[in-house]
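The values are calculated or read from the model by the stated rules, or taken from the named source; none is laboratory data. All values reported here derive from a predicted model rather than from experimental measurement. As a convention, Cβ positions derive from the backbone with ideal geometry for all residues, glycine included, and neighbour counts pool all protein chains shown.
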Amino acid sequence: MSTKIKLTQKEKEQLLKIKKTNVSSIIRDRAQTVLARNEELTIANIAKALTRDDKFIRNSIILYKQGALEVTNFVSNNYKLSKEKRKAIIKIIQTECPKDLKDFNFTTQFWSTDILKKVIKKKYKIEYKNIKSYHDLFKEAGFTFKKPKTKDFRQDPEKIKEFKGALKKSSKTTKIRLSW
């Protein structure tokens, strides 16, 4: 498709109106591109003046010729939870244990990012790419991320105290030799 343009006075006025009133800087730059190309400026000069690349300039002209100058196909945040869904998930986190959820067969009573991920995926068909998004949901719900300390359930606190006391006594009387 050719990038040459000849505009009528009415088309120029419409483009000037778009350039002055449109909220989107992308659409304003598209209108400016078409107006500048009508004045027979080169694509390189227009790109330099608008601090855009040549591809943007060519695409703007093509969109204008197709009658889609003001159309934007921005990807929406469909992969994110809406405010209502987010509040519902936070309420579930705060009020229910995973094993109490009816539609799921969880056996644990504590929340984890894996469990939250499964709940959101099944309820809303949404899966975050980054685990931080799940951590943020927990944070909003008032939870903090803590790694459990490793402790064997068979440990006897009295025997540990006795061992530490004996270790201190023996370390004072024992001389340690270092050799290389």
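Laid out as a table, the results:
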{"quantity": "Residue in the range 41-51 that is over 21 Å from residue 6 (Cα atoms) and out of contact with any Ser or Thr (no Cβ under 8 Å at 6 or more places or on another chain) present", "calculated": "yes"}
{"quantity": "Every residue from the range 1-53 that is farther than 13 Å from residue 65 by Cβ and among the hydroxyl-bearing types (Ser, Thr, Tyr)", "calculated": "8, 21, 24, 25, 42, 51"}
{"quantity": "Complete set of residues in the range 113-147 that are within 14 Å of residue 92 (Cβ to Cβ) and not in a helix (DSSP H, G or I)", "calculated": "141, 142, 143"}
{"quantity": "Meets criteria (surrounded by 14 or more Cβ atoms within 10 Å (Cβ to Cβ) and touching a helix residue (DSSP H, G or I) at 6+ places or on another chain (Cβ under 7 Å)) for residue 131", "calculated": "no"}
{"quantity": "Check on residue 35, surrounded by 14 or more Cβ atoms within 10 Å (Cβ to Cβ), hydrophobic (A, V, I, L, M, F, W, C) and over 30 Å from residue 144 (Cα atoms)", "calculated": "yes"}
{"quantity": "Residues (touching a residue at least 40 places away in the same chain (Cβ under 8 Å) and over 39 Å from the mean Cα position of the chain (by Cα)) located in the range 1-44", "calculated": "5"}
{"quantity": "The range 9-40: number of residues that are modelled with pLDDT of 90 or more and not in a helix (DSSP H, G or I)", "calculated": "1"}
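Conditions tested, residue by residue: (1) of a type in the set (Lys, Arg); (2) free of Cβ contacts under 8 Å to residues at least 24 places away in the same chain; (3) outside the structural domain of residue 24 (by TED's automatic domain parsing).
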{"position": "50", "(1), (2), (3)": "no, yes, no"}
{"position": "61", "(1), (2), (3)": "no, no, no"}
{"position": "92", "(1), (2), (3)": "no, no, yes"}
{"position": "104", "(1), (2), (3)": "no, yes, yes"}
{"position": "109", "(1), (2), (3)": "no, yes, yes"}
{"position": "120", "(1), (2), (3)": "no, no, yes"}
{"position": "128", "(1), (2), (3)": "no, no, yes"}
